[in-house]
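The values are calculated or read from the model by the stated rules, or taken from the named source; none is laboratory data. Since the structure is predicted, the reported quantities are computational estimates derived from the model, not experimental observations. Here the Cβ positions follow ideal geometry from the backbone for every residue, glycine too, while neighbour counts run over all protein chains shown. Ligands, DNA and RNA are excluded from the accessible area calculation, which covers all protein heavy atoms including side chains. Shrake-Rupley method; radii C 1.70, N 1.55, O 1.52, S 1.80 Å.
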Amino acid sequence: VVLLGNSAVGKTSILTRYIKGSFSEYQESTIGATFMTKSVPISGSIKPRPARRSSNIMACSDMSASKSAGGFGFSMPSMPSVGFNKSKASRSMKYSHSSSSSSRSRHSNTIGLSIGGAKDVNNFRECIEKNTMPAVGSITYNGLFYDYYFSTMSHREYNNEEKAEKIENNENDDGEGKEGSDGDEGDDGSMLFYPSYCCAKSKALDISDNNKKTNKQYEHYMTVGLNSNIQQDDFKRKHLNLVIVIDKSGSMNSKLDNAFDPFSSGTAKMQAANEAVVGLLGHLTKHDRIGIIEFNSTSNVKQRLESVDDIDMNALKNTIKNIHAGGGTNFESGYKKALNLFNSLSYGKNTEYENRIIFVTDACPTEGACNGSTLLKLVSGASENSNVYERIFTTFIGVGLDFQSNLIEQISQTRGCNYFSVKSTKDFLKTMDKEFEYMVTPLVFNVSLKIICEGNSCEIEKVYGPSDSLKDGEITKIHTLFPAAKCEATGESKGGVQLIKLKQKGHKAINARVSCTFEDREGRKYKNVQTVKFKKTGDQTLKANDMIEDSDDDDDDEEEEENKQDEKEQEDNLAFYDNSGIRKAILLCRYADLMRQWMNQCGTVGSKLTVSSKYSKLFKEFCDYFEKEMEECEDKTLKQELEILRKLSANNPIEYVKKDDSYYGYVSGMFGGLKSAFSSWF
């Protein structure tokens, strides 16, 4: 059913009343078209509906929008192979796929999704702990987000249903959707990924180091929630063709905990790297293939790419443990040697294997290609092969305080790439126990978001995270989404959001239509379109049996309308957050901005930790704000950032002792008392 008419005549309100049994006094105008679905009883029962042949009702805001009427059906191609149980997934898809984002929130046993690139900020934290100035690139928005869990679903009820479809080879010539080759009804892409959007109007916070105060009272934000309908029980990584490349250059002789101090005691980076690689081997199965490369000025094959079942793994582990550091660092040589190992494979159309290089290094190249752009071409070239089955993705494992995170952050901005940092061998192995299956399984590629604002009501002010090479109205471009863990208690996703800051133009209400396109591993493209409305939620939607009756008293009506308008204006001036996830994301991005601002202006990388009096004051003020927001977000794990703020705002950060560490607090207090006593005597 297609309902056409002029704007502002009540089409969407009629549909909402009929389909949802509700009515809103303040219905926002529709941008383009609204899509809604209603099941109708037939012969006393609900007839099961194929997703393509459901009864759809569409309201178009003008006659030109009717051209889109042919696009409301879902196309269901064959289920893509992405490393999960196809038989279970195809059976459950009918129930987990829904056009309503709110209904999907009930599927708490699904996997989460997170953005590729940085997967931690360990290097940043370790530098602060060791009283060393970190690099700006050591703290990224995505790396910081991956330390926390986020709610991705909004509590609001949108009046506009979302539209999802396959946008390439969508239909046969007769207009019928193609059926899956294995008998599945197909997938509109939401089995792999579907976005959800949350909004916030947050009180502006000035964290700049200049004397100019912001004129803005409030800032508008939107999060892109990264969701999947793949059940946790169905998720399983593919078999691996894996080549591990080990940096054995002279810089790997320095210490893991303080590479800037040649006299430091502790574990050498080379030893930590070897132990980390041996630990990674424990995650392989007999169906995986493994190859090992070592490099310094030149590169050498320690193990050809062979099946784990055909290798003496104990002997291989001993070989790795005996790798010693020395010589220069030719990153290019090591990577090209790894690529050569894959030439021995016969690919064909092999959907069972994933190809990956794990590069273990401190990222301090001294020979060959040393600049980020050249190395990026090398890595991206392997991941963008025209044959999808021959694409080789890369994971970087950074070792040491002097790990060049800026370089690796630049290189990792490509398809299927991510990177971790080794704080200690024990912590790294513990992380891999939880993350290895996710780390080697990219699921979604080339996620592109475009936004159309109604009445030119806003523009994009900042994207926190991937935003390079944007074109044709894109607001963000995410190269890869990887699977991620979910909190069992809350259903929140680890690192499961991206934050976008919007700039409001004038006093117009911000209503936007967001279009999201993405690809699966096979290169199939999908599209999802939703309407996002910036409006504080509340009990504003009336139930069907609570509709207000007409009044004969016109004066009462006018007074009531004026009161409602006053309440609406007051409401618009208040901050709001759709959920705790967007509030936490805003807090962490403001925190990261302050840290990056400080690192850009105080000290040099690797020098002694330095905090000017100006930044000490900024950190102290921000510390108070952070603590209050942490309580509002109800996330005690944020305390690790609070401790960093407390340290940097202390009179002497290098001598700072954690408040909750009673033993060191006692010792510090004791020596502080003795110092005071001696001062008074002399």
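The modelled label-to-label distance for the pair Asn387/Asn456, using points 7 Å beyond Cα in the direction of Cβ, is 5.1 nm.
Counting 0.36 nm for each residue step from Val301 to Ala204 and taking away their Cα separation leaves a gain of 29.4 nm. Rolling a 1.4 Å probe across all protein chains gives Ser344 an accessible area of roughly 90 Å². Heavy-atom accessible area, probed at 1.4 angstrom with all protein chains present, ranks Lys269, Lys477 as Lys477, Lys269, highest first.
A simple spin-label model places pseudo-atoms 7 Å from Cα toward Cβ; at Ile19 and Ala575 they are separated by 3.5 nm. Solvent-accessible surface of protein heavy atoms, probed at 1.4 angstrom with all chains present, puts Val1, Val447, Val529 in the order Val1, Val529, Val447, largest first. The amide H of Arg415, built 1.01 Å from its N in the peptide plane, has no neighbour under 5 Å, considering only residues 5 or more places off or on other chains.
Overall form of the stretch 479-522: oblate. Here a/c, set by the Cα gyration tensor axes a ≥ b ≥ c, is 1.5 or more, and a/b is not larger than b/c. Restriction of the GluC sites (Glu not before Pro) in the stretch 591-648 to DSSP coil positions whose beta-carbon has at most 15 other beta-carbons within 10 angstrom yields Glu634. Along the stretch 448-460 the Karplus relation, 6.51 cos²θ - 1.76 cosθ + 1.60 evaluated at θ = phi - 60°, assigns HN-Hα couplings of 10, 10, 10, 10, 10, 8, 5, x, 6, 7, 7, 9, 6 Hz to successive residues, with x for each Gly and Pro. Around the amide H of Gln232, modelled in the peptide plane, lie the amide H atoms of Thr110, Ile111, all under 5 Å away and 5 or more residues distant in sequence or on another chain.
Largest accessible area first, the listed residues Asp147, Asp309, Asp624, Asp635 line up as Asp309, Asp624, Asp147, Asp635 when surface is computed with a 1.4 Å probe on the assembled protein chains.
Filter Lys317/Lys608; Lys377/Lys503; Lys477/Lys584; Lys336/Lys527 down to the pairs with a C-alpha to C-alpha distance above 30 Å, please. Cα-Cα > 30 Å for Lys317/Lys608; Lys377/Lys503; Lys336/Lys527; rest within. Extension gain, His287 to Asn343: 0.36 nm times the residue separation minus the Cα-Cα distance gives 18.3 nm.
Asp233 contributes an accessible area of around 130 Å² to the protein surface, as traced by a 1.4 Å probe with all chains present. Normalised by the number of residues in the stretch 296-352, the mean separation of alpha-carbon contacts (under 8 Å, six or more apart) gives a relative contact order of 58 percent. Computed with a 1.4 Å probe over protein heavy atoms only, the accessible area of His479 comes to about 40 Å². Annotation: per residue accessible area for the stretch 319-451 equals 36 Å², rounded to a whole number [probe 1.4 Å, protein chains only].
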